[in-house]
Amino acid sequence: MWLTLFFGALISLFIWDYLSKRHSYQILKRSGITGPTSLPVLGCGLEALQLGAENLIDYVGSCFEKYGNTFRMWILNESQVYTKDLRHFEAILSSTSLLEKGGLYQFLRPFLNDGLLLSVGRKWHSRRKIFTKAFHFTILEHFMDIMDKQSGVLVEKLQPFADGEQVVDMLKYVSLAALDIITETAMGVQVNAQNDPEFPYIKALKSVVYIQPDRMLKFSQRYEWLFRLTAPLMHHKLVNDIRIMHEFTDKVIGERRSAVERAIADGSYRPLSLGDAELGSKSQMALLDILLQSSIQGAPLSNADIREEVDTFMFEGDDTTSSGVSHALYCIARHPAVQAKLYEELQQVLGKDRTAPVNQAQLQQLKYLECVIKETMRLYPPVPVIGRYTKEDLQIGDQIIPANTSIYLVIYFAQRDPKYFPDPLSFKPERFLDDNDTERQTFTYVPFSAGPKNCIGQKFAMLEMKTLISKVLRYYELLPKGPETKAMFNFILRSTTGMCVGLKPRLT
Ligand code: HEM
């Protein structure tokens, strides 16, 4: 009797699996999109979910070699397509209707909720308009002080290791500097992460941004109920860390809101406007203030609305820039000619006094540094994969991507295509000098994504990366010490071997 029930259930599961996948299978087959062997029910899940973050990039690379520029995978009943085909990039990124994120982004939802990165529709549209104001260059100018000050702390923190011998994993130090910058610019509070990495909010954030993406690649942790069952302690830690983060953000928002209300009551309140000399100064901080003073259809944003946006900035604004800056320092250390040219440019534009604050106008003149950063993000894009979810069948050229599929644009491999980037594995910043850059198509180089859901923080990120890299280079010569990087993907591009350099103090 039990055996009959068991086999009955099993056969029903197989039939359900076959019927639910049939449409996608047929369409993908007709489109010539194949992929690794897929078992009934499990799909490629067993193989893919045992890989771990450290092997994922190699695995995806080997699939491109075997199956061509676009391949499909089934993870249980989830349909996934991976592509490095620029026709797909163009169709997907320029679409104004295909804005929903791929299935993997669900792992960000517990701490980002429905912030700008994950939201769609009217909510996303109205908030995007508010943020566009917040990243106006007049506001960014006021953040320069914070970026400059924290770069100064970074070079001090590096000093004990600068003997020309020690191997320094830059990500560890750069990431704390980036956290100090984003916390002060987004929330207006100083957490002093570089001096106190044990600050509870910082520890919680660091833990959440590692645990959540790591889970998506582990079969035993991928599903909430299974995660709770197989890793109860880690599950408890995650819940607790998210609580710590949210409580901290709530506290900051509450205090800031009360300060604004007090100012309104005693008549000292002055609404912020672009060009306001006090924007971003210690007494008035821009990103959070802009949210506090914004309304959508006449209604102000609630604390919960604001929290999801501030949390999104904290996630997007820390790990991405840290990955970019650390990879850039790693590349510069291994290319002495590039380093010499860069240092010369820094001396020319910023002068000899390395303690003097830098401004946006000066950073804009650092053209070669910009090429170095662009070339770094070509080879090591901080966000190596962008995902979207199709709600309907999507025709792209002669191929169709079926409805209910997560399609992942693998920037990491697309930006290494020899057709657009000759000698693609060599680090050559000169590719991005204006004269050489005109031929390139818009979608061949998209580290900040493109189209309506592109990175809203890209100007902020470029200023921050330029400030941090230029400061480090003015104080230290970078040496090619330590192991080569080994790319690892967990949402952000990291390296299993660190991003290591040696540091030698410069005399002037
Ligand atoms: C080197 C640094 C950065 C890189 C490479 C980068 C890259 C990206 C990419 C590729 C996306 C699109 C993601 C997707 O569609 O899945 C994105 C979105 C976003 N980024 Fe950045 N980012 C960087 C820094 C920043 C910073 C510093 C901020 C904020 C201060 C920021 C805020 C955002 C936000 C809010 C979105 C969502 C935009 C939307 O969906 O409308 N990013 N970023």
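The values are calculated or read from the model by the stated rules, or taken from the named source; none is laboratory data. This is a predicted model, so every value here is computed, not measured. So basically every Cβ, Gly included, is an ideal-geometry build from the backbone, and we count neighbours across all protein chains shown.
Failed condition for Ile296, given (1) under 30 Å from Phe491 (Cα atoms); (2) touching an Asp or Glu at 6+ places or on another chain (Cβ under 9 Å), with all others met?
So Ile296 meets the others, but not (1).
Can you tell me which residue in region 365-413 is modelled with the lowest pLDDT, limited to those that are within 19 Å of Ser94 (Cβ to Cβ) and of a type in the set (D, E, K, R)?
Filtering region 365-413 for residues that are within 19 Å of Ser94 (Cβ to Cβ) and of a type in the set (D, E, K, R), the one modelled with the lowest pLDDT comes out as Asp398.
Has region 353-367 got any residue that is crowded, with 17+ Cβ neighbours inside 10 Å and touching a Pro at 6+ places or on another chain (Cβ under 7 Å)?
no
Of the residues Val446, Val410, which single one is more than 9 Å from the ligand (Cβ to nearest atom), surrounded by 22 or more Cβ atoms within 10 Å (Cβ to Cβ) and not polar (S, T, N, Q)?
Sole residue among the options that is more than 9 Å from the ligand (Cβ to nearest atom), surrounded by 22 or more Cβ atoms within 10 Å (Cβ to Cβ) and not polar (S, T, N, Q): Val410.
Being surrounded by fewer than 19 Cβ atoms within 10 Å (Cβ to Cβ) and more than 15 Å from the ligand (Cβ to nearest atom), is that true of even one residue in region 457-474?
no
Looking at (1) out of contact with any Gly (no Cβ under 7 Å at 6 or more places or on another chain); (2) in a loop (DSSP other than H, G, I, E, B), can you tell me which one Phe460 breaks?
Going through the list (1) out of contact with any Gly (no Cβ under 7 Å at 6 or more places or on another chain); (2) in a loop (DSSP other than H, G, I, E, B), Phe460 breaks only (2).
Which ones in region 17-39 are in a helix (DSSP H, G or I) and at pLDDT 85 or above?
The answer is Arg22, His23, Ser24, Tyr25, Gln26, Ile27, Leu28, Lys29, Arg30.
Pairs under 7 Å by beta carbon, first residue more than 17 Å from Ile181 (Cα to Cα) and within 11 Å of the ligand (Cβ to nearest atom) in region 299-327, partner polar (S, T, N, Q) and part of a helix (DSSP H, G or I), six or more apart or different chains?
Filtered contacts from region 299-327: His327/Thr376.
Return the residue satisfying two criteria in turn: it lies in region 352-397 and is touching a strand residue (DSSP E or B) at 6+ places or on another chain (Cβ under 9 Å) and among the polar types (S, T, N, Q), and of such residues it is nearest to Tyr412 (Cα to Cα).
Thr390
Of the numbered conditions (1) surrounded by 14 or more Cβ atoms within 10 Å (Cβ to Cβ); (2) assigned to a helix (DSSP H, G or I); (3) at pLDDT 85 or above, Val260 fails exactly one; give the number of that condition.
That leaves (3) as the condition not met.
Look at region 27-50 and say how many of its residues are surrounded by 16 or more Cβ atoms within 10 Å (Cβ to Cβ) and farther than 21 Å from Ile400 by Cβ.
Residues meeting the conditions: 6.
Which condition does Ser79 not pass, out of (1) out of contact with any helix residue (DSSP H, G or I) (no Cβ under 8 Å at 6 or more places or on another chain); (2) more than 14 Å from the ligand (Cβ to nearest atom); (3) not basic (Lys, Arg), if it passes all the others?
Failing condition for Ser79: (1).
Would you say Pro424 is part of a loop (DSSP other than H, G, I, E, B), in contact with a Ser or Thr (Cβ under 8 Å, 6 or more places away or on another chain) and more than 23 Å from Leu176 (Cβ to Cβ)?
no
Select from region 348-370 the residues that are among the polar types (S, T, N, Q) and free of Cβ contacts under 8 Å to residues at least 24 places away in the same chain and write down the one among them that is farthest from Gln458 (Cα to Cα).
Per the stated criteria, the residue is Gln348.
For region 389-401, check the following and say yes or no: at least one residue is outside any strand (DSSP E or B) and either buried (at least 18 other Cβ atoms within 10 Å of the Cβ) or within 16 Å of the ligand (Cβ to nearest atom) (or both).
no
What tally of residues in region 173-204 results from selecting those that are out of contact with any Ser or Thr (no Cβ under 9 Å at 6 or more places or on another chain) and in a helix (DSSP H, G or I)?
Residues in region 173-204 being out of contact with any Ser or Thr (no Cβ under 9 Å at 6 or more places or on another chain) and in a helix (DSSP H, G or I): 8 in total.
Give the number of residues within region 82-136 that are away from the ligand (no atom under 14 Å from the Cβ), of a type outside the set (Ser, Thr, Tyr), over 23 Å from Gln212 (Cβ atoms) and surrounded by fewer than 16 Cβ atoms within 10 Å (Cβ to Cβ).
Residues meeting the conditions: 1.
If only one of Glu165, Glu141, Glu184 is within 16 Å of the ligand (Cβ to nearest atom), surrounded by fewer than 17 Cβ atoms within 10 Å (Cβ to Cβ), at negative phi and in contact (Cβ under 8 Å) with a residue 24 or more places away in the chain, which one is it?
Glu141
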